[in-house]
Amino acid sequence: MKTKIVEIKHDGEQNLVLKEAGEIIKAGGLVAFPTETVYGLGGDALNPESACKIYAAKGRPSDNPLIVHISDLGQLNELAEDIPEEAWRLAEAFWPGPLTMVLQKSERVPKETTGGLDTVAVRMPDHPAALEFIRQAGGFVAAPSANLSGRPSPTSFKYVIEDMSGRIEMILAGEDSRIGLESTIVDLTSDTYVILRPGYITRDMLEKVLGRVETDPTLMDGSCTTAPRAPGMRYRHYAPKGELTLVKGEEGAVARRIAEEIRKAKAAGKKTGIICTKESFSHYQADSIKCLGGRRDEEAIAHHLYRILREFDEEGVEIILSESFSEYGMGQAIMNRLLKAAGYRVIQL
Ligand code: AMP
Ligand code: MG
């Protein structure tokens with residue numbers, strides 16, 4: 001299949017392009033599109049065949065449910081049933097934005113879209129072109145991240161082209177993703193509300209609206225024996241090709257240990273890489289040293305993380321050592337993704 005790549009320009013042509021993209025979705029095809037979190041791989045959420053095509057294009061197991069993207073709040077009633085009052089309050093506080101709610105699904109949503117579950121995950125992205133595209137597509141776009149399964153989510157259209165070229169009908173090329181991490185997922189289907197995946201919207205932010213919110217305990221702990229409640233969190237996502245290890249502890253000790261591990265890897269003839277912060281950047285020596293931003297600038301760290309993981313792949317780096325970050329607030333989402341990328345390989349000092 002030849003993939004059409006179209007730049008989203010902020011001019012009169014934009015709506016024509018988004019209309020064409022919407023037509024592709026209505027006809028059962030797939031279109032990758034930018035959002036504020038990461039690029040999405042969209043298909044018609046109400047068409048079971050589109051869901052199957054998405055799984056095939058990503059090489060993703062079909063028991064991993066898709067998030068349905070909407071453009072207008074009224075559409076929530078068409079997708080979900082028994083919607084608790086709190087869902088509307090969350091929508092008012094955080095939509096459009098990087099929050100996904102899991103609710104009881106309505107008859108209209110096919111099981112192919114929900115990976116066989118009776119629940120549906122719904123989000124309204126905070127991105128004008130994405131919203132217009134969803135409208136043009138009929139209002140219900142199922143979309144996981146637009147990467148091949150097992151690779152970091154794409155935060156730039158360059159990576160979407162790398163992973164999806166020849167597999168889907170169209171790629172809408174916009175700017176780099178503003179946030180750079182996937183949405184926070186909160187499950188509202190039981191009496192206790194649970195964060196199934198941490199993201200930009202933090203637990204504190206949710207608790208201001210919902211009162212008490214739990215976090216799925218499996219998210220930060222690789223040794224947990226229970227299965228995560230978001231099926232997708234089971235898979236080894238976000239993995240660079242090189243072996244990534246996180247080092248946790250006091251800053252100076254972490255820097256010394258990373259330097260030592262890099263020396264060992266070099267002696268073994270490996271190509272080495274380091275993930276660090278502005279504060280420590282100049283202390284290190286390795287084949288590739290990537291700075292995520294200031295240690296306390298979580299927005300910058302989130303924004304650069306996936307690009308950096310992909311760059312290590314491009315450079316053929318074999319051994320990667322990373323500093324760790326605070327697990328508070330958005331740091332929880334950053335550390336969750338890093339831990340998963342590392343396959344929970346951690347040196348605790
Ligand atoms: P992605 O679209 O790549 O961001 O992945 C979507 C994530 O949402 C996966 O981790 C899914 O397991 C999760 N998800 C989607 N629908 C549901 C649902 N109904 N219940 C629980 N988790 C869900
Ligand atoms: Mg994904």
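The values are calculated or read from the model by the stated rules, or taken from the named source; none is laboratory data. Just so it is clear, the model here is predicted, and its values are computed rather than measured. Here the Cβ is made from the backbone with ideal geometry for all residues, glycine too, and neighbour counts use every protein chain on show.
Condition check for Lys248 on (1) in contact (Cβ under 8 Å) with a residue 24 or more places away in the chain; (2) within 16 Å of ligand 1 (Cβ to nearest atom): one failure, at (2).
The requirement of being more than 21 Å from the chain's Cα centre (by Cα), within 21 Å of Arg178 (Cα to Cα) and not charged (D, E, K, R) is fulfilled nowhere in segment 255-263; no residue meets it. Do any helices (runs of 4 or more DSSP H) lying entirely in segment 202-316 carry at least 3 residues that are at pLDDT 95 or above, within 27 Å of Leu349 (Cβ to Cβ) and of a type in the set (Lys, Arg), and which ones are they? Per the criteria, 251-267.
Considering (1) away from ligand 1 (no atom under 14 Å from the Cβ); (2) within 22 Å of Val120 (Cβ to Cβ), the lone condition that Glu207 does not fulfil carries the number (2). Count of segment 156-179 residues, restricted to those that are within 16 Å of ligand 1 (Cβ to nearest atom) and either in contact with a strand residue (DSSP E or B) (Cβ under 9 Å, 6 or more places away or on another chain) or under 22 Å from Lys2 (Cα atoms) (or both), is 6. Filtering segment 128-138 for residues that are outside any helix (DSSP H, G or I) and of a type in the set (A, V, I, L, M, F, W, C) leaves a non-empty set.
Does Thr192 satisfy the condition of being within 16 Å of ligand 1 (Cβ to nearest atom) and exposed (fewer than 15 other Cβ atoms within 10 Å of the Cβ)?
Values: within 16 Å of ligand 1 (Cβ to nearest atom): yes; exposed (fewer than 15 other Cβ atoms within 10 Å of the Cβ): yes.
Against the criterion (within 16 Å of ligand 1 (Cβ to nearest atom) and exposed (fewer than 15 other Cβ atoms within 10 Å of the Cβ)), Thr192 qualifies.
Can Thr218 be described as more than 30 Å from Met1 (Cα to Cα), more than 16 Å from ligand 2 (Cβ to nearest atom) and surrounded by fewer than 18 Cβ atoms within 10 Å (Cβ to Cβ)? It is false that Thr218 is more than 30 Å from Met1 (Cα to Cα), more than 16 Å from ligand 2 (Cβ to nearest atom) and surrounded by fewer than 18 Cβ atoms within 10 Å (Cβ to Cβ).
Only residues that are assigned to a loop (DSSP other than H, G, I, E, B), at pLDDT 95 or above and within 18 Å of Ile54 (Cα to Cα) were counted in segment 148-194, giving 7. Taking Asp118 as the residue in question, decide whether it is within 16 Å of ligand 2 (Cβ to nearest atom) and without any contact (Cβ under 8 Å) to a residue 40 or more places away in the chain. No, not satisfied. Any residue at all in segment 161-170 that's more than 16 Å from ligand 2 (Cβ to nearest atom) and closer than 22 Å to Ala87 by Cα? Scanning segment 161-170, I find no residue that is more than 16 Å from ligand 2 (Cβ to nearest atom) and closer than 22 Å to Ala87 by Cα, so the answer is no. Scanning segment 50-70 for residues that are within 17 Å of Val109 (Cβ to Cβ) and surrounded by fewer than 22 Cβ atoms within 10 Å (Cβ to Cβ) yields Cys52, Lys53, Tyr55, Ser62, Asp63, Asn64.
In segment 329-345, the count of residues that are without any contact (Cβ under 8 Å) to a residue 12 or more places away in the chain and surrounded by fewer than 18 Cβ atoms within 10 Å (Cβ to Cβ) is zero.
Give the residues of segment 320-349 that are over 13 Å from Ala239 (Cα atoms) and either under 13 Å from the mean Cα position of the chain (by Cα) or among the hydrophobic types (A, V, I, L, M, F, W, C) (or both), sorted by residue number.
Step one: list which residues in segment 320-349 are over 13 Å from Ala239 (Cα atoms), which gives 321-335, 346-349.
Scanning segment 320-349 gives Leu321, Phe325, Met330, Ala333, Ile334, Met335, Val346, Ile347, Leu349.
Inspect segment 232-242 for any residue being touching a helix residue (DSSP H, G or I) at 6+ places or on another chain (Cβ under 9 Å) and away from ligand 2 (no atom under 16 Å from the Cβ) and give the result as yes or no. There is at least one residue in segment 232-242 that is touching a helix residue (DSSP H, G or I) at 6+ places or on another chain (Cβ under 9 Å) and away from ligand 2 (no atom under 16 Å from the Cβ).
Do the conditions hold for Ile185, that is, is it closer than 24 Å to Pro110 by Cα, within 16 Å of ligand 1 (Cβ to nearest atom) and among the hydrophobic types (A, V, I, L, M, F, W, C)? Talk me through it step by step, then tell me what you get.
On the way: closer than 24 Å to Pro110 by Cα: yes; within 16 Å of ligand 1 (Cβ to nearest atom): yes; among the hydrophobic types (A, V, I, L, M, F, W, C): yes.
So Ile185 passes the test.
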